[in-house]
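The values are calculated or read from the model by the stated rules, or taken from the named source; none is laboratory data. Because the structure is a prediction, the values reported are computed rather than measured. Note that each Cβ is placed from the backbone with ideal geometry, even for glycine, and that neighbours are counted across all protein chains shown.
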Amino acid sequence: MNGDRHDVLFAGSHPLPSDYRAYRHWVHARLVQILRQNPGCRFLEIGVGPTFRQERFRVIDELGIHYVGLDFEHICAERRADLVRAGISDRNIRFLGNESETYLFNLIKSARNWKTFDIIYLDGSHSIYVDLAAAIAAVRLLKPGALFLFDDVRFCFGRTSDPDHR
Ligand SMILES: C[S@@+](CC[C@H](N)C(=O)[O-])C[C@H]1O[C@@H](n2cnc3c(N)ncnc32)[C@H](O)[C@@H]1O
């Protein structure tokens, strides 16, 4: 590894976006653009989220993309209900929920079942304790030449008053 290079995963000085709402909007639009470029792909989203991304799921449905989303089970149940309400009944869209702890075990189970993906999007806990392990497990699920997208990679260690440990 080149020690002179700025490492966005581990450098505490990596800047946060100044306008977070605009940043999230841009991320969402960019992801939809990437999905449009990959019809029929296998897409894993680690962290489905509390917001129903209807436009994204319509694209997934229209383009025959195989989607697996990981989150807490209650979030997965909400998104399943949103899909039904939106009239999207795509059997290629699946949510795997964990009741507690983290999605790590569902990632491991996927690896044990030889599941692989063309695009993996890690946008979950954003805590290093959860997502560093998830990232390592997810590497096993990448097809050759796959895209591994990280949202907001400035991992946080939780609140602290010591600036050297942020
Ligand atoms: C930022 S949101 C995901 C946003 C979504 N990717 C999007 O584009 O709208 C992060 C999600 O990760 C989930 N998450 C965080 N920690 C988790 C854990 N330990 N186990 C399962 N899900 C977790 C949260 O419940 C939340 O829904």
Does segment 87-131 hold any residues that are assigned to a strand (DSSP E or B) and not polar (S, T, N, Q), and which are they? Ile93, Arg94, Phe95, Leu96, Gly97, Phe117, Asp118, Ile119, Ile120, Tyr121, Leu122
Looking at this structure, is Arg112 exposed (fewer than 13 other Cβ atoms within 10 Å of the Cβ) and at pLDDT 95 or above? yes
When residues of segment 85-109 are limited to those that are surrounded by 16 or more Cβ atoms within 10 Å (Cβ to Cβ) and among the aliphatic types (A, V, I, L, M), the one nearest to the ligand (Cβ to nearest atom): Leu104
Output for segment 72-84, where each listed residue is without any contact (Cβ under 8 Å) to a residue 12 or more places away in the chain and either in a strand (DSSP E or B) or within 13 Å of the ligand (Cβ to nearest atom) (or both): none
Filter segment 16-71 for residues that are surrounded by fewer than 18 Cβ atoms within 10 Å (Cβ to Cβ), more than 14 Å from the ligand (Cβ to nearest atom) and touching a residue at least 40 places away in the same chain (Cβ under 8 Å); which is farthest from Val139 (Cα to Cα)? Leu16
